[in-house]
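Quick notes on the structure that follows.
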Amino acid sequence: MKLYNTKKGIIIQYQDTLLKADETWDKLINRDNLEAYLLGKIDGLSTLTDDEEELWLDKANVLAPIGSQEVWAAGVTYLQSRNARMEESETAASLYDLVYDAERPELFFKATPQRVSGHGQPVYIRKDSSWNVPEPELTLFISSSGEIQGYTIGNDMSSRSIEGENALYLPQAKIYEKCAGLGPCLRVTETPIKGSSVIRMAIKRGGEVAFSGEITVSQMKRSLTELAGYLFRECDFPNGVFLMTGTCLVPPPDFTLNEGDVVEISIDGIGTLINTIAFNPKHK
Ligand code: DO4
Ligand code: MG
């Protein structure tokens, strides 16, 4: 079952049927046994007409699948991220090595909803960063009681030159306007995502593929429940929270994003999130 947040309203997709939800996004998604709740609800809901389907799901109308939730992120959960960061860091290679093996995971605050772009919307690169990459990340939606209710696709945009200069600059490397992509939908399922699910990323420049890669979720060093457990240790999330689970694909060191590049991230069973790279027009 998939939920789409759109400017026209919320869509519940059950098999091939698209239904109109009758609650706000925050109220709808923040509950335990979300899948069972939605299944119990669908009989009473009206379906979208063909014209409505086309209009509501037009990329101009699709919003990020987020309401008032915070977005958090885990770091260095795949070997690819640990290795790339150890190479990029001028001062702190051992930090990444240590955290990859440590019992406690790296978790950091990533974005408020205002800083998140949905499918089809631009994500930004910083003008004071010379080396920028997207980070494709399986993203969890966790209800206020700490249980994983669904999955979406995340792009944890990262300014590698800033993080590489000094690890203490991480918040600046990670948090700025439109620093995160989420979407295109929230896949709601009580069954944990399979380790064999593939995460793919393609970065297109002038219509050509400039970088592509793929990996399975099973390559993650930590479990999803472990990450969620640490996040909820001393934080409450009254409307639930989104947690990006770390990047699994890193373009080669000579690659940096350009304005106009198109980043496509797909995860089996969820869909494809597409964002174009831009500078923030307000800060040009
Ligand atoms: O340690 C810094 C950030 C790591 C990160 O964002 C990742 O591994 O995805
Ligand atoms: Mg990341």
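Values in this text are rule-based calculations from the coordinates and carry no lab data. Please read these numbers as outputs of a predicted model, since none were measured by experiment. Cβ placement follows ideal geometry from the backbone for every residue including glycine, while neighbour counts extend to all protein chains displayed.
Things worth noting here:
- Amide H to amide H, with H built 1.01 Å from N, residue 58 comes under 5 Å of no residue 5 or more places away or on another chain.
- GNM on the chain, alpha-carbon springs under 10 angstrom: the most fluctuating residue among 44, 240, 260 is 44.
- With θ taken as phi - 60° and the Karplus curve 6.51 cos²θ - 1.76 cosθ + 1.60 applied, the whole-hertz 3J(HN,Hα) list for the range 116-123 is 9, 9, x, 4, x, 9, x, 10 Hz, x standing for glycine and proline.
- FRET efficiency for the residue 200 to residue 22 pair, using the beta carbon distance and R₀ = 45 Å, is estimated at 0.80.
- The chain: antiparallel DSSP beta bridges as a percent of all, rounded to 5: 90 percent
- The Rg/Rh ratio for the range 2-56 is 0.94, where Rg is the radius of gyration of the alpha carbons and Rh is the Kirkwood radius.
- Under 5 Å from the amide H of residue 210 lie the amide H atoms of 203, 204, 205, each residue being 5 or more positions distant or on a separate chain, with H modelled from the backbone and absent for Pro and chain starts.
- For the range 70-283, the alpha carbon convex hull comes to 110 Å³ per residue, rounded to a whole number.
- Highest-MSF residue in the chain out of 153, 162, 265 [GNM, Cα springs under 10 Å]: 162
- Its relative contact order, with pairs defined as Cα atoms under 8 Å and 6+ residues apart, puts the range 110-170 at 32 percent.
- Note that the range 96-106 has calculated 3J(HN,Hα) couplings of 5, 4, 5, 6, 4, 9, 5, 5, 7, x, 7 Hz, one per residue in order, obtained from phi through the Karplus relation 6.51 cos²θ - 1.76 cosθ + 1.60 (θ = phi - 60°); glycine and proline are x.
- The H on the amide N of residue 132, modeled in the peptide plane, is under 5 Å from the matching H of 160, 257, each at least 5 residues off or on a different chain.
- Of all the options 197, 145, 46, the one that moves most in a Gaussian network model of the chain with Cα springs shorter than 10 angstrom is 46.
- The range 70-283: Lys pairs at Cα distance under 30 angstrom, eight or more positions apart or on different chains: 23
- The HN-Hα couplings worked out from phi for the range 34-46 by the Karplus form 6.51 cos²θ - 1.76 cosθ + 1.60 (θ = phi - 60°) are 4, 4, 5, 4, 5, 4, x, 9, 5, 4, x, 9, 8 Hz, whole numbers, x standing for Gly and Pro.
- Look at the Cα gyration tensor of the range 81-190: its axes a ≥ b ≥ c give a/c of at least 1.5 with a/b at or below b/c, and that counts as oblate.
- Spatial separation of Cα centroids for the range 171-202 and the range 1-78, in angstrom: 16 Å
- Working from Cα pairs under 8 Å separated by at least six residues, relative contact order for the chain is 24 percent.
- The chain, helix-only ellipticity at 222 nm - DSSP H runs n ≥ 4, -39,500 (n - 2.57), divided by all residues, nearest 500: -5000 deg cm²/dmol
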